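Here, each number is a calculation from the coordinates, and none is a lab measurement. A quick note: this is a predicted structure, and the numbers were derived from the prediction, not measured.
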Amino acid sequence: MIDLSFPTSTDGFTRAISVILTSEIGDRTFLIAAILSMHHPRITIFAAALSALGVMSFLSALLGNILPNLLPKRYTTAAAAILFFVFGAKMLREGLEMEGGEAGREKMEEEMREVQKEVEEAEEEVTGRPTGVALGDMEEGRTSTPAPDAGELPQPVTGRSRRNSVSKTKDSALAGIKNLAQLLFSPIFIQAFILTFLAEWGDRSQITTIALGAAHNVWVVTVGTTLGHSVCTGGAVLGGRWISQHISIKHVTLGGAVLFLIFGVMYSYEAYTFTEEVVVGTVL
């Protein structure tokens with residue numbers, strides 16, 4: 001039976017946030033958000049990417065929550081420990097093999113160009129024409145989309161001079177709903193949502209979210225991972241290229257590896273000391 005009850009504790013919340021923060025910086029979804037935000041409205045890209053990551057987090061945590069119904073809790077916790085050990089060892093190897101300094105930045109630039117090429121191909125399929133914008137031009141704001149005339153201002157919505165405050169409030173609410181609908185159903189939003197969702201599918205953070213969902217409450221894991229994604233995605237849309245150049249991905253990866261290995265030890269201990277709760281009835 002799926003447990004969607006309101007959590008009675010926040011156990012696993014900190015783990016969920018820290019896992020995402022140490023595994024998503026410089027990841028493919030991070031680079032996609034950074035590149036898209038260079039020539040599209042940042043709020044649209046942030047909303048689309050976070051929506052995709054939030055949906056993925058909930059589905060992954062829900063899938064993990066189903067596992068204890070198929071296997072004993074002790075085994076699912078042990079499986080979570082094994083996953084953290086495997087990913088921790090993999091991240092440790094990747095971090096040790098990464099080049100630091102200028103060589104590391106050049107490799108990150110190369111990866112960003114690869115992601116940019118994929119994004120441009122996806123945009124060409126949607127719009128029917130290539131963007132043809134260089135990575136440096138996008139960062140400086142020089143895009144293929146012509147900017148609106150600085151002298152042009154949106155025409156104010158006029159109404160009857162005697163319109164009361166209630167009507168004005170209603171018009172504002174309708175305008176807000178219209179703008180939200182245009183945002184959610186815009187081609188840019190849909191494109192960013194799909195690109196992020198597909199990039200996250202099968203990713204390390206998704207697998208670890210499933211593992212967390214098997215050991216903790218669905219809502220705690222969903223909120224924790226989504227909050228972690230919001231921090232990473234927010235950093236990506238605000239200055240993803242700068243972050244990737246000035247923060248050592250090698251050190252972040254090594255730090256994440258250590259954190260994953262620590263969580264592996266913690267879940268191993270929890271699996272070893274786990275005891276099934278027995279409900280004892282009171283005889284009157």
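Shown in residue order for region 39-48 are the 3J(HN,Hα) couplings computed by the Karplus curve 6.51 cos²θ - 1.76 cosθ + 1.60 at θ = phi - 60°: 9, 9, x, 5, 5, 5, 5, 4, 5, 5 Hz (x for Gly and Pro). Phi angles across region 222-230 convert, under the Karplus curve 6.51 cos²θ - 1.76 cosθ + 1.60 with θ = phi - 60°, into 3J(HN,Hα) values of 4, 5, x, 5, 5, 5, x, 5, 5 Hz, Gly and Pro given as x. Amide H contacts of Ser248: none lie under 5 Å away among residues 5 or more positions distant or on a separate chain (H built 1.01 Å from N in the peptide plane; Pro and chain starts excluded).
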